[in-house]
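The values are calculated or read from the model by the stated rules, or taken from the named source; none is laboratory data. What you see is a predicted model, and the numbers here were worked out from it, not measured in a lab. When we count neighbours, we look across all protein chains shown, and the Cβ atoms used for this are built from the backbone with ideal geometry, even at glycine.
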Amino acid sequence: MSLPSLSFALAIALTSAQAAAPTPADMGVSVAPLVERVKSSVVTIQSMKVIPRVMREDPFTQYFRERFGLGDAPSRRETQLGLGSGFIVNKAGIILTNNHVVAGADEVWVQLADERRFEARVIGSDPATDVAVVKLNRPLGDIRPAALGNSEQVRVGDYVLAIGNPLGLGQTVTMGIVSAKNRMLGGRIMQYEDFIQTDAAINQGNSGGPLFNFRGEVIGINSAILNPAMAMNVGFAIPINLARQIADQIQRSGSVVRGYLGVGTEDLTPDKAKRLSIPFEPGALVNVVQPGSPAEAVGLRPNDVIVEVAGRRVESSAGLQRIVQSRAPGETVAVGYLRGGRRLAAQVRLTENADLRGTQVLGMQVVPLSPAEAQEIGATGLKVVSVDRRSPASGSLQPGDVITHVVLGTQGRAATAALLKQLEQRLARGGGGRLVIVRDGYQLVLTLG
């Protein structure tokens, strides 16, 4: 039986772009009526994971155990708990949250606003966007879903409310404004970033909770904060339109696929346009065209400037990535581009790049570097997309790291997913290894095990 969809037609009736949300002044002296209306859709999510840990041995003990066939190294089981937030989106008990809230969980429990607690299961998740879909194990007739808004209509300066479970303090409400849109953090949080920035206070435990507009609609999923020692009230939410699209795919097929054009690009700046002797217009400057890609098939070349895809304006390399990856493989889109000042167009049938799905290993997701990324850091390797905080790599690796070499024993080789899987097996047997990584332009050597 297929699960209910979160599509525009079935899940929400979008408010007109012309209908302005009320302000605090319109509401009188308090936003309490709004909070009362929406808070019952917000839940606390508790996760539990059992992790087998191989105990470290001294070389003498290890030698005798292996020499006389005394079995595997001793191990113990650790139970790790996690807390986060989420929100109900339909009467069937579907809940949206962050992937990092439930990643690798053996058990998931959902506590409602009235403190009732129910077991749930993870339907699927997408580490690349940090979105996960959870479902209550038994239907409840009295749950109240949240209304989903349209994040495309969000404006900088709009008032917002965040509700969640920060630091274990369930049903905490904070208020602020939208500080910025389309924020990118350089892959430090996840692979595909397009954040709404807010100054509404967000802390650990708010992850997965809703960011409401003043119409009581969810416009984002609270997902990340900057280092609180460096900044205050700088939080980031995944736009609800993106989250809804990912959740729809997860429910339909159990996985997420993204459109692939097959170009490596960078932002076109006035200086770069001058060096290339081309007119300046904001867009994505093509550096590399992948062999056999849809871009090659329609004749795109290096130094072309992509300015429009599927009727949407492209003003940066990141903007191009967001638009292309929001379309489905097999879909044909119009691509407008500039070549030597001439405006051209092509109909491009997008495909799927299997590399974009990445590989799950050592409790993290890694993807191969694109040619443009490899050129930027001067090395090839695997980029870390996400890290389960309960994995062997947690505390050592972080999203955005590039693994260039894997050292097993005394031999170091260029990083591949297969070598990382070998390292994972060595760790399970009580062994270890080293990784050579590039982080923020610096080369580091990390020891695991």
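Quick notes
- Qualifying residues in the stretch 295-311 (those that are surrounded by fewer than 16 Cβ atoms within 10 Å (Cβ to Cβ) and among the charged types (D, E, K, R)) - the one nearest to A334 (Cα to Cα): E296
- Residue in the stretch 224-236 that is assigned by TED's automatic domain parsing to the domain that holds A21, touching a residue at least 60 places away in the same chain (Cβ under 8 Å), in a strand (DSSP E or B) and in contact with a helix residue (DSSP H, G or I) (Cβ under 9 Å, 6 or more places away or on another chain) present: no
- So S253, is it buried (at least 18 other Cβ atoms within 10 Å of the Cβ) and within 28 Å of S125 (Cβ to Cβ): no
- When G319, G292, G283 are screened for being buried (at least 17 other Cβ atoms within 10 Å of the Cβ), modelled with pLDDT under 90 and assigned by TED's automatic domain parsing to the domain that holds R343, only G319 passes.
- Filtered residue count, the stretch 440-449, keeping only those that are at pLDDT below 85 and either basic (K, R) or assigned to a strand (DSSP E or B) (or both): 3
- Look at the stretch 385-412: where a residue is closer than 23 Å to G430 by Cα and among the charged types (D, E, K, R) and a partner is surrounded by 22 or more Cβ atoms within 10 Å (Cβ to Cβ) and at pLDDT 80 or above, sitting 6+ places away or on another chain with Cβ atoms under 6 Å, you get D388/A103.
- Which numbered condition I238 misses (of (1) touching a Phe, Trp or Tyr at 6+ places or on another chain (Cβ under 8 Å); (2) among the hydrophobic types (A, V, I, L, M, F, W, C); (3) closer than 30 Å to L300 by Cα): (3)
- For the stretch 233-250, the set of residues classified as within 24 Å of D199 (Cβ to Cβ) and modelled with pLDDT of 90 or more consists of V234, G235, F236, A237, I238, P239, I240, N241, L242, A243, listed by residue number.
- Only one of the numbered conditions (1) modelled with pLDDT of 80 or more; (2) surrounded by 16 or more Cβ atoms within 10 Å (Cβ to Cβ) is violated by P329, and that is (2).
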